[in-house]
Amino acid sequence: MRWDRLFDDLEAQASAEWEAERAALASESERVRLSRVTLRDRLLLLREVTAHVRADLTAGSGIEGPVIAVGADWLAVERVPSSVSIVPFSAVVSLRMPHADLLSPRVLRSRGPSR
């Protein structure tokens, strides 16, 4: 009887280790997949869901608003209803958006950029 409990315990430990390794591999696989998504594709996704972003620029300034267009090497941000800024990717130091917007269902459910 004691041997049965020992083997059951060993089996449970091995199963838990296997599950933890599988979860770690799945997580790493997702990280690798996301690392291959280009800036342009990420911006196209944000444009589809009209996400509000803040772009910090090399000149030390920044712009804020929804992404309304994305080109091969530029993005357009609507600053006010009748004003649009076109920014080359090379001028962007960082892009930020509110965490709540990043996790919103409209971003998570989006199927990705349209081509």
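The values are calculated or read from the model by the stated rules, or taken from the named source; none is laboratory data. Predicted, not measured: the structure shown is a model, and the values here were computed from it. FYI the Cβ positions are ideal-geometry reconstructions off the backbone, even for glycines, and counts take in every protein chain you see.
Taking only the range 10-63 into account, find how many residues are in contact (Cβ under 8 Å) with a residue 60 or more places away in the chain and part of a loop (DSSP other than H, G, I, E, B).
Residues that pass the stated criteria total 1.
Taking the criterion of being among the charged types (D, E, K, R), surrounded by 12 or more Cβ atoms within 10 Å (Cβ to Cβ) and modelled with pLDDT of 85 or more, would at least one residue in the range 9-31 satisfy it?
Within the range 9-31 (the criterion being among the charged types (D, E, K, R), surrounded by 12 or more Cβ atoms within 10 Å (Cβ to Cβ) and modelled with pLDDT of 85 or more), the answer is no, since none of the residues qualifies.
Among the candidates R36, R54, which residue alone is at pLDDT 90 or above and within 17 Å of the chain's Cα centre (by Cα)?
Only one candidate qualifies: R54.
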